[in-house]
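The values are calculated or read from the model by the stated rules, or taken from the named source; none is laboratory data. Worth saying up front: this structure is predicted, and the values here are computed from it rather than measured. Here the Cβ positions follow ideal geometry from the backbone for every residue, glycine too, while neighbour counts run over all protein chains shown. Note: accessible area is taken over every heavy atom of the protein model, side chains too, but ligands, DNA and RNA are not part of it. Shrake-Rupley method; radii C 1.70, N 1.55, O 1.52, S 1.80 Å.
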Amino acid sequence: MKLSDAFWLVFVAACLSAGVVGGSYLKKDELLPICHSLAPGLFAPVSVTLAVDGGVFDSTLDHAGRGYQVTFIGPDCTEACQAHVDRARDYAANEGLAHLWVVAGEFEPRTGDIVSRGIDIGSVQAAESFGLSEQRWRQPGYVATWALNPNHHIDTRYVNRTESWDR
């Protein structure tokens, strides 16, 4: 561990401690993007291997050295959820990212979409690698997107976001 990694680890721990004492703290899926950006050396790259329509999505093999994006969609995608899906598609296209859709309910894919359907052990483990609990993901209308950099560390996270995704 480098000295800078240790500094950031202490900094994150201090911030979390202050949040807990103050009565408000970040959930794991909110904290991981911060940790990955501040001290990537302390966190393993996010790896996703899932059965998809027509094969297997393996981020380690298929996307080595390239960024990718993952969107988890709960059951009963609402209008706001669909607006998020449209923004996620646009963002992936603009950034040139492969986009994996992990879907718990109905989802109308477009040509070229990489879709993993259903809640099975693989999709639950994939969600947990992003800090997302199965209980939260199963909420009707839930949708969240994570964009990963070429080193497969989390760059950004958007949850139920319908407005512009400009950085």
Open item on the list: I'd like the full set of residues that are touching a residue at least 60 places away in the same chain (Cβ under 8 Å) and either aliphatic (A, V, I, L, M) or in a loop (DSSP other than H, G, I, E, B) (or both), limited to the range 37-59.
Closed with: 43, 45, 46, 47, 48, 50, 51, 52, 53
Open item on the list: I want to confirm something. Restricting to the range 1-25 and keeping residues that are open to solvent by less than 80 Å² (accessible area, probe 1.4 Å) and part of a loop (DSSP other than H, G, I, E, B), which single residue is modelled with the lowest pLDDT?
Closed with: 23
Open item on the list: Yes or no: the range 66-87 includes at least one residue that is among the basic types (Lys, Arg) and modelled with pLDDT of 90 or more.
Closed with: yes
Task: The lone exception for residue 51 - which of (1) touching a Pro at 6+ places or on another chain (Cβ under 7 Å); (2) farther than 30 Å from residue 2 by Cα it fails - done: (1)
Open item on the list: Could you check the range 86-95 and list, in sequence order, the residues that are open to solvent by 50 Å² or more (accessible area, probe 1.4 Å) and touching a residue at least 24 places away in the same chain (Cβ under 8 Å)?
Closed with: 87, 90, 95
Task: Selection within the range 104-159 - open to solvent by less than 70 Å² (accessible area, probe 1.4 Å), over 21 Å from residue 49 (Cβ atoms) and part of a helix (DSSP H, G or I) - done: 136
- [ ] State which residue is modelled with the lowest pLDDT when the search covers only the range 37-57 and only residues that are of a type outside the set (Gly, Ala, Ser) and within 18 Å of residue 14 (Cβ to Cβ).
- [x] 38
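Where residues in the range 60-85 are farther than 24 Å from residue 96 by Cβ and either among the basic types (Lys, Arg) or not in a loop (DSSP other than H, G, I, E, B) (or both), which of them is most open to solvent (accessible area, probe 1.4 Å)?
If we take residues in the range 60-85 being farther than 24 Å from residue 96 by Cβ and either among the basic types (Lys, Arg) or not in a loop (DSSP other than H, G, I, E, B) (or both), then 79 is most open to solvent (accessible area, probe 1.4 Å).
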